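Here is the structure we will look at.
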Amino acid sequence: MTVATNVVPQSTADSHYGSWQALSPLTTALDGAALGGISGKSVTGIAFSFAGTAGKLYRQGAAGWDDVSKSGGYNTPAETFWKFTQYGYDILATNYADPIQTYTMGTSTDFADVSATAPRAKYLMVVREFLVALNTFDIDGQRPLRVRWSPSSAAGGPAGDWTPDPTTQSDFQDLLTGEEILGGVGGEYGLVICRKSIYRMTYVGPPVVFQFDEIVRNRGTIAPGSVATDGQMTIFYSEDGFYACDGAAVTPIGAGKIDRWFKVNAQPSNFLNMSASMDPTRQIYALSFVSVDTPDGNPDTLLLYNWVTDRWSIIRQSLRSLVTFLSQPLSLDQLDTVSTSIDALPASLDSQRWAGGSVYFGAFTIANEFGLFNGAPLPAAIETGEATLGGDLRALLQSVRPLCDGSPTVQVGYRDNQWEDVSLSAAESPTRAGDCKFDPIIDARFHRVRMQIAGNWSQATGVDVMAQPSGLT
């Protein structure tokens, strides 16, 4: 396929593309532009969701978003997103301008400064038992290549004293190359993603604490919002295209047409408005960006990549930012939607069934409501590459059978020489037999098929073409 718009590349062998559904609001709106979010679970298994705007941090409540900012609020700079991570049962948040914030799920009322000795930071990650601050503003000023980590959990963790000390294992490392740190991915080891380098951060114990190995030089990310991870795989956009990193090496995943298309269609001046997320259920990396088709600076296009089948697609969908949340616990009032009788409920009131926690791949709308992609299917367009259906001869194309559900129409593009413009037939709908017939028969050397799908459709596998050589050269 050369065009795949408003479709999802699927991982199953029997269906190449699925439908993409419109974004439908699930919550009330925040009082400002949504600048990131996170979900986590408390020690009792209750799901919590948080979001940030320029001046406030919020927790999702039963009736909307509750302001859980520290006293005085925040001063998030323009073109800056909140960065969140979870350490144990604590949610950590940073916007670089204000001290790192912390909130203990199930215990805290509002966010608070994590520690008087912690630096300000642009990015956060958790490596083993350490909170790691990246690209910091420290006691010696701005340090774009600094990696600084908290005391170990045994020595107080993020809330402890961040003063370098071999006893607590708190320390820092100033990297030598990479220009500036633009992201990080935590876990058993850390990935520090710079503009021009990628480092692997490995725990070795005191007095060194962490070893830093530059696994890639002269390649990193130029778009912090493009970084997303699932398991051992991290995907990001670099100066020369899209790459995946497994912690040891990077592999190009968009080399050729995708990288060229993105370079032409994305606005570099709005790269800071990108956001990315993983949909592990469908094995999809999703990147939201501002295309050259929109003048308002709001993201209007998604680029999807299926890492199982190595296929891409484009979604025309305006939104504020992508985010993965957990479903929220049900209140007693909300249990009425299940049953108005306590005795008739399928589980007891203290059951984890009502605690929330299902993974929601969604986004904030332009109106700053969190929503899910569960609306009506978007109209889709799929176009094949150009082919010589008659071998060395011209071909007579008689009909095309769309292999999809919904309400498809088909057009045929054709020409005799590749230096000529492509002519396009009228759109035809399937007959009762399921074929789109073309009268007169299309006689040409090169053919391509464009299929558009509307209505309540769910899957498309391609087209069957009925053609035969014309006998003419």
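Computed from the coordinates by the stated procedures, all read-outs in this text should not be read as laboratory data. In this text, all values refer to a predicted model and were calculated from it rather than measured experimentally. Cβ sites come from the backbone with ideal geometry, for glycine too, and all protein chains shown count toward neighbours.
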Hey, rough spin-label estimate for Ile441 and Thr109, points 7 angstrom out along Cα→Cβ, what's it come to in nanometres?
-> 8.2 nm
Quick one: work out Rg over Rh on the C-alpha atoms of region 178-309, Rh as Kirkwood radius.
-> 1.00
With R₀ set to 45 angstrom, the calculated FRET efficiency between the beta-carbons of Ile139 and Asp405, to the nearest 0.05, is 0.10
By a straight-distance test (C-alpha under 15 Å), which aspartates and glutamates pair with Lys263 as possible cross-link partners, with residues fewer than eight away in the same chain excluded?
-> Glu239, Asp240, Asp293
Over the chain, consider all pairs of different Cα atoms and compute the Kirkwood hydrodynamic radius from their mean reciprocal separation; express it in Å, one decimal.
-> 24.7 Å
So, with +1 on the Cβ of K and R and -1 on the Cβ of D and E, and no other charges, what is the size of the charge dipole of the chain about its Cα centre, to the nearest 20 debye?
-> 480 debye
If N is the residue count of region 380-469, its Cα Rg over 2.2 N^0.38 Å rounds to 1.05
Inter-site label distance for Asn374 and Asp66 at 7 Å from Cα along Cβ, in nm = 2.3 nm
Given the pairs Lys41/Lys122; Lys56/Lys196; Lys70/Lys196; Lys56/Lys257, which span a C-alpha to C-alpha distance of over 30 angstrom in this model?
-> Lys56/Lys196; Lys70/Lys196; Lys56/Lys257
Expressed as a whole number of Å, what is the distance separating the alpha-carbon centroids of region 87-107 and region 6-58?
-> 19 Å
Neighbouring Cβ atoms within 10 Å as the yardstick, rank Ser470, Ser458, Ser71, Ser115 fewest first.
-> Ser71, Ser458, Ser470, Ser115
Check: C-alpha center region 367-421 vs C-alpha center region 309-325, spacing in Å is 21 Å
Check Arg445: other-chain or 5+ apart residues with amide H under 5 Å from its amide H, H built from backbone geometry?
-> Ala395, Arg415, Asp416
Centroid-to-centroid separation of region 145-170 and region 189-267 [C-alpha atoms, Å] = 26 Å
So for Glu179, Glu383, fewest C-beta neighbours within 10 Å to most, what's the order?
-> Glu179, Glu383
1/(1 + (r/R0)^6) with r = Cβ-Cβ of Arg415 and Ile366, R0 = 41 Å, i.e. FRET efficiency to nearest 0.05, evaluates to 0.50
Kirkwood hydrodynamic radius of region 196-244 from all distinct Cα pairs, in Å?
-> 12.1 Å
Which of Ser170, Gly371, Gln411 sits closest to the plus end of the dipole of the chain, meaning its Cα is farthest towards the positive end, when Lys and Arg get +1 and Asp and Glu get -1 on the C-beta?
-> Gln411
Given the peptides 204-211, 401-408, 4-11, 242-249, arrange them by the average over their residues of other C-beta atoms within 10 Å, most packed first.
-> 4-11, 401-408, 242-249, 204-211
Around Gln10, which amide H atoms from residues at least 5 apart in sequence, or from another chain, sit under 5 Å from its own amide H, with H modelled in the peptide plane?
-> Tyr17, Gly18
